[in-house]
Structure formats: C-alpha cells, structure tokens
1. Mind checking the full-extension length gain between residue 164 and residue 123? Use 0.36 nm per residue of separation minus the Cα-Cα distance, one decimal, nm.
2. Efficiency by 1/(1 + (r/R0)^6): what FRET value for residue 171 and residue 145, r their Cβ-Cβ distance, R0 = 41 Å, to the nearest 0.05?
3. Counting other beta carbons within 10 Å of each residue's own, what order do 144, 33 fall into, fewest first?
4. Once the piece of chain linking residue 41 and residue 131 is laid out straight, how much longer is it, given 0.36 nm per residue of separation minus the C-alpha distance between them?
5. Mind running the shape call on region 22-177? Use the C-alpha gyration tensor, a ≥ b ≥ c as the square roots of the eigenvalues: rounded below 1.5 for a/c, prolate if a/b tops b/c, oblate otherwise.
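What follows is calculated from the coordinates using simple rules that are stated; it is not laboratory data. Quick caveat, the model's predicted, so the values are computed rather than measured. When we count neighbours, we look across all protein chains shown, and the Cβ atoms used for this are built from the backbone with ideal geometry, even at glycine.
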C-alpha cells in the first residue's frame with residue numbers, strides 16, 4: 001500500500017508536469033499528428049514527468065477523459081510518438097497486436113522455422129485462449145506438428161511400455177508368492 005506522502009509527491013509531480021507538458025508537443029507540418037519531442041522510450045513512445053507516464057495516455061486523459069480498464073490505446077496514425085487524441089482508439093491488447101507491426105512478421109512468413117513452405121494444404125490453424133479470455137487463432141506448420149506429435153507419442157509409449165513391464169513382473173511375482 002502506498003503512503004499518503006508518496007501520493008502527494010506524485011500529485012505534485014503531475015501538477016508541475018501538466019504545466020509544461022505542451023512545451024514538448026509540436027504539430028507535424030505534413031500530417032495532423034502532434035509529435036512528442038520529449039523523452040522517448042525504447043519502443044518509440046513518449047514518456048513524460050517524474051513518474052514516466054506515457055505521453056499519449058497523459059494527453060488523452062487530460063483532453064478526453066479516463067481510459068477504460070483492460071483496454072489499450074491504438075495509434076490510428078501508426079505514429080507512436082503522436083499525442084493527438086483524435087488519432088487514438090481504445091482496443092484490446094490482442095486487437096492492438098493484430099493491427100500493429102509486432103504481429104505482421106508472423107502473417108508475412110512464407111516458411112516455418114524448419115523450412116517447410118506455409119501453403120494452405122500445409123497450414124494447421126490452432127486456437128489459443130489469451131489471458132484476457134479472448135480466443136485467437138494462429139498458423140502452425142502441419143509437417144512440424146505431425147513430427148512433434150509422433151515424437152511425443154513415441155516417447156510416451158516407450159515410457160509406458162517399461163511401466164507396464166514392471167507392473168506385469170510385479171503381478172507375476174505376487175502370484176508366485
């Protein structure tokens with residue numbers, strides 16, 4: 001639990017930060033983006049204030065209102081350091097990944113890591129439940145899936161055979177005594 005003193009320090013930092021937030025915003029000449037010129041994190045998003053809040057979230061909350069729980073902001077302009085709230089939309093994490101660059105490399109793949117071509121007859125769609133309870137689907141190489149399944153079943157049967165043999169030996173020894 002946070003102390004009252006830390007809450008007061010954070011509120012003071014936000015008050016001071018809010019005063020100079022707009023000093024770091026520059027309208028783009030070639031688009032309607034409001035470019036953040038302050039601190040940028042490793043992913044390209046603006047960071048602001050002593051508590052390092054994300055600049056686009058700060059701008060949205062100041063100009064529009066609170067951000068709903070379990071949702072994230074998607075930059076419709078695809079410019080990560082844009083703080084124009086008109087360029088932002090609430091989406092789930094999964095939808096944000098599907099729209100963004102992070103998931104594109106998977107959908108653009110033409111071969112699996114083992115070199116098998118990912119053509120419709122060789123693709124197996126698998127269902128996955130996310131931590132937020134959403135159902136998503138992803139592609140899987142059918143050849144690799146079969147090979148893995150075969151290997152797993154073979155190992156299970158080997159282990160199971162030795163257990164069955166031990167059980168039979170124990171049954172025989174019990175019958176002899």
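1. Length gained, residue 164 through residue 123: 11.1 nm.
2. Working: r = 38 Å, r/R0 = 0.92.
Step by step, r from the Cβ atoms, then E = 0.60.
3. On the way: 144 16, 33 20.
Going from least to most buried by this count: 144, 33.
4. 29.9 nm
5. Values: a/c = 4.10, a/b = 2.55, b/c = 1.60.
Cα axes put region 22-177 in the prolate bin.
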